[in-house]
Amino acid sequence: MHIEPTATDRIVVVGGGQAGADFVAALRMAGHQGPVTLVGAEPGYPYARPPLSKAYLSGKATAEDLYIRPPAMYEQQGIDLRTGTRVTAIDRTARHVVLADGERLSYAHLVLATGGRARRLPAPGLDAAPNVHYLRTLADVAAMRHRFVPGARLAVVGGGYVGLEVAAVARQVGLDVTVLEALPRVLARVTAPQVSAFYQRVHTEEGVDIRVDTAVTGFAFASDGSVAAVELKSGERIDADLVLVGIGLVPDTELAEQAGLAVDNGIVVDEYCRTEDPAVLAIGDCTSHPCGEHGGRRRLESVPNASEQARVAAATVTGSLQPYTAIPWFWSDQYDVKLQTTGLSTGYDEVVIRGTTETGRSFAAFYLKDGLVRAADVVCSPRDFTAARKLVAARARVAPEALRDLSVPLKQLL
Amino acid sequence: MPRVVFVRPDGTKQEADASDGASVMQAATANLVPGIVAECGGELSCATCHVFVDEQWLGALPARSEDEEEMLEATSEEPTDASRLCCQITLDASLDGIVVHIPKTQK
Ligand SMILES: Cc1cc2nc3c(=O)[nH]c(=O)nc-3n(C[C@H](O)[C@H](O)[C@H](O)COP(=O)(O)OP(=O)(O)OC[C@H]3O[C@@H](n4cnc5c(N)ncnc54)[C@H](O)[C@@H]3O)c2cc1C
Ligand code: FES
């Protein structure tokens, strides 16, 4: 075992996902010359996850296409990349982390970018079933690939973005798809009823059997332990060759908890990504951070959030404090339907639809609170998205009639 | 290996090597060129990869797609005729040495 001397100016990053990879790049861009070690539990180079449920799953992108930075970057920038290596403990007093093989790495600053893992469906026998899949990593896709073939019957548990994106790719590949959602509508946690209805219509048009208000009560297993059917509360059985469970994410906060850092649905950080320990920062999906727009705290699961926090943390570490001020945004691709959202729609008191959700595949939904535009979901209109972003950034007060009026370009409302 | 010359708002130049078939955006992120954030990773969703293509190179580029055209309206800096989302510029030998200017408002 190799024990490092404690005096060091090294920055150690735990987690080689979007936030970790963006952080080491941002750190060098911010001028930090000292040693940087990025420790990631997954094998291989850091990669972007969004294509896992889109271009990569459909076979249009290769694993190399997913790299966040080209492999050569790490070497050129002198970044000590240790992938396939898990950090098992943090010693905040001695300022080092412990790796799975017992090695210790001392740090001047520690950045936790541990993301999260797919929430498991608790049902007897499910964990052992070879045809029950989750979608968070490249390994998850590798595990389901050979079953993801034309004619296979796919049951998707959970009607969130990941489940719906997989359903879309599956239809394009030629699988038979049923989506099972417990709530009365898909995407219920993130969007307005009109937008949910739009997605339900599109998926139905594409041949997906969308079932809302549907409680999964159990599974029927074949003799080899794989799931043969999903059992519903109604008594119905959905025969399946594979099951995709997309019911959300559990942030990886155990390391932080064990190290005595505050955790509240995510590692608690301030607007500079600092935990209560001045030597420890946290970024990305695993953080609970102050919510500038609405007050309180929030945890976001998106690439723009991971990238922005990476930049903020790099600034903090290099001594120039720049608070997180970016307005959250997100995208989702399903079939030919490109969704771009801006702002956070929680807490709205009025939804204004520009265009129609009942026919066609392009519209915008604006979320207003006290008459101010707080968020927007824009489907298949990059032009309206650009304008919507500006309206949200300005917290513009726009009359609902004006937003609805398709003869008035949104740009004119700025 | 096509090269890209990035010109920062303060006039300093940064040369980057890219591989054939890579986009100008990828050349930027591979070489840590500041000001090209590229949040969506080239999926034409974010408009944080805006550049102004140097005049002498404009003619060498294929036209903007409709989506790119629309997304350009969302950039932080006012777009011009020379504006491109650089994830949409694919490099090959004919673009070796292409010069692009980074908008000053892009962080
Ligand atoms: C299928 C799918 C589709 C998505 N689509 C979109 C989209 O369209 N748009 C969008 O904005 N976002 C999308 N997201 C969300 C986006 O991918 C995440 O928000 C982003 O990856 C978060 O980055 P992160 O670095 O915080 O976490 P992650 O990318 O999850 O990275 C965390 C890494 O830390 C590692 N780790 C954890 N604990 C340890 C430890 N103790 N030691 C070492 N390593 C550790 C993990 O193995 C992992 O590799 C999608 C996500 C998924 C899964
Ligand atoms: S990188 Fe997002 S639009 Fe170019």
How many residues, within segment B:92-105, are within 14 Å of another protein chain (Cβ to nearest Cβ) and open to solvent by 20 Å² or more (accessible area, probe 1.4 Å)? 1
Residue check, A:Val111 against (1) within 18 Å of A:Pro43 (Cβ to Cβ); (2) within 27 Å of the chain's Cα centre (by Cα), all met but one. Which one? (1)
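Suppose we filter segment A:164-196 for residues that are in a helix (DSSP H, G or I) and in contact with an Asp or Glu (Cβ under 8 Å, 6 or more places away or on another chain); how many remain?
Of the residues in that region, 4 qualify.
With respect to B:Ile89, is the statement that it is surrounded by 12 or more Cβ atoms within 10 Å (Cβ to Cβ), within 14 Å of ligand 2 (Cβ to nearest atom), in contact (Cβ under 8 Å) with a residue 24 or more places away in the chain and within 14 Å of chain A (Cβ to nearest Cβ) true? Before the answer, list the steps.
On the way: surrounded by 12 or more Cβ atoms within 10 Å (Cβ to Cβ): yes; within 14 Å of ligand 2 (Cβ to nearest atom): yes; in contact (Cβ under 8 Å) with a residue 24 or more places away in the chain: yes; within 14 Å of chain A (Cβ to nearest Cβ): no.
Considered against the rule, which asks whether it is surrounded by 12 or more Cβ atoms within 10 Å (Cβ to Cβ), within 14 Å of ligand 2 (Cβ to nearest atom), in contact (Cβ under 8 Å) with a residue 24 or more places away in the chain and within 14 Å of chain A (Cβ to nearest Cβ), B:Ile89 comes out as no.
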Can we say B:Glu66 is open to solvent by 60 Å² or more (accessible area, probe 1.4 Å), more than 10 Å from ligand 2 (Cβ to nearest atom), of a type in the set (Asp, Glu) and more than 12 Å from the chain's Cα centre (by Cα)? yes
When every residue in segment A:139-162 that is in contact with a Gly (Cβ under 7 Å, 6 or more places away or on another chain) and under 24 Å from A:Thr62 (Cβ atoms) is compared, the one nearest to ligand 2 (Cβ to nearest atom) is A:Val162
Can you report the number of residues in segment B:47-63 which are within 14 Å of chain A (Cβ to nearest Cβ) and touching a strand residue (DSSP E or B) at 6+ places or on another chain (Cβ under 8 Å)? 3
In segment A:361-376, residue farthest from A:Leu414 (Cα to Cα) [restricted to those that are open to solvent by 10 Å² or more (accessible area, probe 1.4 Å) and assigned to a strand (DSSP E or B)]: A:Lys369
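Table: residues versus (1) at pLDDT below 95; (2) in contact with a strand residue (DSSP E or B) (Cβ under 7 Å, 6 or more places away or on another chain); (3) in a loop (DSSP other than H, G, I, E, B); (4) buried (at least 18 other Cβ atoms within 10 Å of the Cβ).
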site	(1), (2), (3), (4)
A:Asp285	no, yes, no, yes
A:Ser288	no, yes, no, yes
A:Ala326	yes, no, yes, no
A:Phe330	yes, yes, no, yes
Residue list for segment A:41-75, filter: within 8 Å of another protein chain (Cβ to nearest Cβ) and surrounded by fewer than 20 Cβ atoms within 10 Å (Cβ to Cβ): A:Pro70, A:Ala72
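The values are calculated or read from the model by the stated rules, or taken from the named source; none is laboratory data. It should be emphasised that the depicted structure is a prediction, and the values quoted were computed from it without experimental measurement. With ideal geometry, Cβ positions are generated from the backbone for all residues, glycine too; neighbour counts draw on all protein chains shown. In case anyone asks, the SASA skips ligands and DNA or RNA and just uses the protein heavy atoms, side chains included. Shrake-Rupley method; radii C 1.70, N 1.55, O 1.52, S 1.80 Å.
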